[in-house]
Amino acid sequence: MTTFLTVISSLLWWVLYSSMAALVFALIGWSVLRWTERCAVVFNRIYLACLVWTMLGMLLVVGVAAYEGHLHPPYGALLTSGLLRWALVLDMLIGTVLLWRLVPRIDARRIRPGSACMAVAVIMAISFGVATSLA
């Protein structure tokens, strides 16, 4: 029973933390996409794409951290890991595809792939800057 409650609690915290991060990423992505598309974009779809992207990204990073044995602070060695860098590249590709496929403009056309790449790049630059300043 304790194992079951631990797994349920971990899943709830995973969803909660992913939701909080996705809201911040969606706000950044919304402003970048509005600027690059020169048109309004649908915010709730950006949030959905960022939520799925964040949940998958957290699984990737935790998987790499568990594989390399860096589950506890300090995380400096994890940030210099080559496997984490490849996981982050994969994470950026996933984010670009999710934003491109899930986010429409207000005129019901899909955003351009270049705009999705720009939004993902800005989000990753800000989040990586925050992560390295905290580590």
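The values are calculated or read from the model by the stated rules, or taken from the named source; none is laboratory data. Keep in mind that what you see is a predicted model, and the values were worked out from it rather than measured. Reconstructed Cβ throughout: ideal geometry from the backbone, glycine too, with neighbour counts over all protein chains shown. All accessible areas refer to the heavy atoms of the entire protein, side chains included, with ligands and DNA or RNA removed. Shrake-Rupley method; radii C 1.70, N 1.55, O 1.52, S 1.80 Å.
A few points about this structure:
- Cβ separations smaller than 8 Å between residues 6+ apart or across chains give the following pairs from the stretch 75-102 residues that are closer than 18 Å to Ala121 by Cα to residues that are in a loop (DSSP other than H, G, I, E, B) and open to solvent by less than 50 Å² (accessible area, probe 1.4 Å): Leu99/Ile111; Trp100/Ile111.
- If you go through the stretch 72-81 and keep only what is among the hydrophobic types (A, V, I, L, M, F, W, C) and either within 19 Å of the chain's Cα centre (by Cα) or modelled with pLDDT of 85 or more (or both), you end up with Leu78, Leu79.
- Tally of residues being in a loop (DSSP other than H, G, I, E, B) and open to solvent by 80 Å² or more (accessible area, probe 1.4 Å) across the stretch 112-135: 1
- Scanning the stretch 23-38 for residues that are buried (at least 22 other Cβ atoms within 10 Å of the Cβ) and either β-branched (Val, Ile, Thr) or farther than 15 Å from Ala125 by Cα (or both) turns up just one, Leu33.
- Scan the stretch 62-81 for residues that are under 24 Å from Ser19 (Cβ atoms) and buried (at least 16 other Cβ atoms within 10 Å of the Cβ) and the total you get is 4.
- Which listed residue, of Leu84, Leu59, Leu51, is within 18 Å of Ala22 (Cβ to Cβ), modelled with pLDDT of 90 or more and surrounded by 16 or more Cβ atoms within 10 Å (Cβ to Cβ): Leu51
- Among residues of the stretch 96-111, those that are part of a helix (DSSP H, G or I) and surrounded by fewer than 18 Cβ atoms within 10 Å (Cβ to Cβ), counted: 2
- Sole exception among (1) under 13 Å from Val41 (Cβ atoms); (2) touching a Pro at 6+ places or on another chain (Cβ under 8 Å) for Thr96, by number: (1)
- Residues in the stretch 22-42 that are free of Cβ contacts under 8 Å to residues at least 60 places away in the same chain and either in contact with a Gly (Cβ under 9 Å, 6 or more places away or on another chain) or at positive phi (or both): Arg38 alone.
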